[in-house]
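What follows is a set of notes on a single structure, which appears directly below.
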Amino acid sequence: MKKCVVLGVSGGIAVYKALEIVSLLRKKDIEVRVIMTKSATEFVTPLSFQSLSQNMVTCDMFSEPKAWEIQHISLAEKADIFLVAPATANIIGKVANGIADDMLSTTIMATKAKVIFAPAMNTNMYNNPIVQENIEKLKRLGYEFIEPASGRLACGDIGKGKLESPEIIVDKVMSEFVNKDLIGKKVLVTAGPTISPIDPVRFITNRSTGKMGYAIAKEARNRGAEVTLISGPTSLDVPKNINLVKISTNNEMKDEVNKYFGDSDIIIKSAAVADYKIEKYSTQKIKKLEGNLDLTFIRDSDILMELGNKKTKQILVGFAAESQNLKENAQNKLLKKNLDYIVANDITSNDTGFASEDNKVVILSKEGKEIKLDKMSKSEVARNLFDIIVGKR
C-alpha cells in the first residue's frame, strides 16, 4: 500500500522549499497531503501545493468540506508520517503547550503517526531559551526534529535557523519507511574514485561520481546499521549520521579500509579504485617539452583481493564495471577475490552507470545465484542489494 505523508506548512520565507519537498516525495511514489497555516498561504498559494501533490490542500478548519468526513481526524489517520516543514517557533510552541487552534495544530494533536519537525526561523528566535525549551519538551515526548542548517538567513543575519535542504528532509522521511533489519550491524562502504598523482598539479583518475556508494551507505543507515563511508573525491553532500572518511589515493583507501575491516559485518566495495599508479612521482611540476611525455605506470594494491584473502565472519561485496563479457568477467572476479556477492554493471550503457541517477546491474552470489535488476534508481539498487544480503530475496 502506498505510504502517505501529511505535510504541515507553517508561515515563513522557507515555505517555497516545501514545494520541493512535495515534489521529491511524489517522485518516490509517496502520497502527500498538505495542510497550510493561514500565514503560510501569504508566501505561497495553496494551488501550488495542490498542483504538485495532486491533492486538495487544507487551510481552514471551518471551510466547506470537500467530503463527508471530519478533516483533521481524517488527515491524522491517513498519515504514516506527519512532517512539519518549515516549522516556525509558533507551531512548535503551540504543540509543546497543547494549543490546538487551527487545522495544523489540531491535526498534529489528533495523529498517532510519528511527527517530525523541520524548524526554520531567525537564529535569535531559534536560540531563544523558550523555543529551545519547547523543542526539548517535544523531544522528550517522542517528537523528532531535523536540525536547521547554519548560514545567511533571509533577514540578513548569519547563524543557525535555515530550513535543512529538501533532499535531507526527504531522506529522513524515507528512512522511516525502511525495515530496520540491520540494527546492531556495522557496515563499511567505499565510494567514488581514487587518484594517482603525477606531479603537484596533475593526476589520473576515473569517471566515478560516488553516487552508487553513497546510495548504499544511506540505505544501510536507514536500515539501522552503523555505517562508515570511505569516499574518494566527489561533489556529493555529506550524508547525515554516517561516519564519512575522505581519502584520495589507493594507499589512503587501503589504510582506512583496514582500520575498519575487522569490526565490520558487511563490507561493500563500490569505489572505483585506481589499478595503476605512476612509477616515479615528480615532486616538481613537469614542464612542457618539445617532444612527447612518456609515463610508466605500475600496479597498485588490489584492496578487494586482500580483503577476500583475510575475511572471516564478514560478508564481502564487490563491484565490477565492465565494457564487455559482463557476467563472465564478474564471475571470474567473484571467485578470484573470494567474494560473497558481486554487482556487475555495463558501463557502455548511455542511460545508466557513471554520473547517472540510475543503474542496471546483475548481482551474482558465490552460491551461483544470479539476480538481474533492470533500470532503476541507484537507491533502489541499494535497497535490492541489502534485501539479497539479508535473505529477503
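Readers should treat all values here as calculations from the given coordinates under stated rules, not as data from a laboratory. From a predicted model like this one, the values you see are computed outputs, not experimental measurements. Ideal geometry is used to build each Cβ from the backbone, glycine not excepted, and the neighbour counts take in all protein chains shown.
Things to note:
- Under a model in which nothing but the beta-carbon of Lys, Arg (+1) and Asp, Glu (-1) is charged, the chain shows a dipole of about 720 debye around its Cα centre.
- Taken over the range 1-156, the alpha-carbon convex hull comes to 111 cubic angstrom per residue.
- Helix content alone sets the calculated 222 nm mean residue ellipticity of the chain: runs of n ≥ 4 DSSP H residues at -39500 (n - 2.57) each, divided across all residues, give -9500 deg cm²/dmol.
- Modelled label reach - Lys160, point 7 Å along Cα→Cβ, the range 102-126 residues with backbone N closer than 13 Å: 119-121, 123-126
- Which of Thr249, Pro239, Ala271, positive extreme of dipole for the range 224-282 (C-beta unit charges): Thr249
- Loop-exposed chymotrypsin sites (Phe, Trp or Tyr not before Pro) per DSSP, neighbour cap 15 Cβ within 10 angstrom, longest uninterrupted part of the chain: 282-393
- Taken about its Cα centre, the range 186-389 carries a charge dipole of about 280 debye when Lys and Arg each add +1 at the Cβ and Asp and Glu each add -1 at the Cβ.
- Residues Ile286, Ile298 arranged by fewest to most Cβ contacts within 10 Å: Ile298, Ile286
- Whichever aspartates and glutamates have a C-alpha closer than 14 Å to that of Lys366, once near sequence neighbours (fewer than 8 apart) are set aside: Glu328, Asp340
- Hydrophobic long helices, here whole DSSP H runs in the chain with Kyte-Doolittle means of at least 0.0 and Cα atoms spread over 27 Å or more along the helix axis, are not found.
- Taking 7 Å steps out from each Cα toward its Cβ at Glu136 and Asp237 produces label points 2.9 nm apart.
- Amide H within-cut-off set for Ile198, under 5 Å, with H built and near neighbours excluded: Phe203, Ile204
- Options (1) 21.6; (2) 18.3; (3) 24.3 - which one matches mean projected area of the Cα convex hull in nm² as calculated here: (3)
- Fewest-first sequence of Glu279, Glu31 by Cβ atoms within 10 Å of each Cβ: Glu279, Glu31
- Mean separation of Cα pairs under 8 Å and 6 or more residues apart, divided by the residue count, gives the range 231-329 a relative contact order of 30 percent.
- Extension gain for the segment Asp387 to Asn128, taken as residue separation times 0.36 nm less the Cα-Cα distance, is 88.8 nm to one decimal.
- Normalised by the number of residues in the range 186-389, the mean separation of alpha-carbon contacts (under 8 Å, six or more apart) gives a relative contact order of 20 percent.
- Taking label points 7 Å from Cα along the Cα-to-Cβ direction, Lys180 and Ile371 give a separation of 2.3 nm.
- Signed unit charges on C-beta, dipole axis of the range 301-393, positive-most listed residue Ser349, Leu334, Ala320: Leu334
- Residues Arg383, Arg33, Arg207, ranked from the fewest to the most other C-beta atoms within 10 Å, line up as Arg207, Arg383, Arg33.
- Cα gyration tensor, the range 98-186 - rounded (a/c under 1.5), prolate or oblate: oblate
- Efficiency of FRET from Cβ geometry, Asp294 and Thr45, R₀ 56 Å, rounded to 0.05: 0.30
- Sequence ranges 187-193, 331-337, 262-268, 223-229, ranked by mean other-Cβ count within 10 angstrom, highest first: 187-193, 223-229, 262-268, 331-337
- Taking a straight line from the alpha carbon of Lys259, these lysines sit under 19 Å away, with near neighbours fewer than eight places off in the same chain left out: Lys185, Lys186, Lys246, Lys269, Lys310, Lys311, Lys313.
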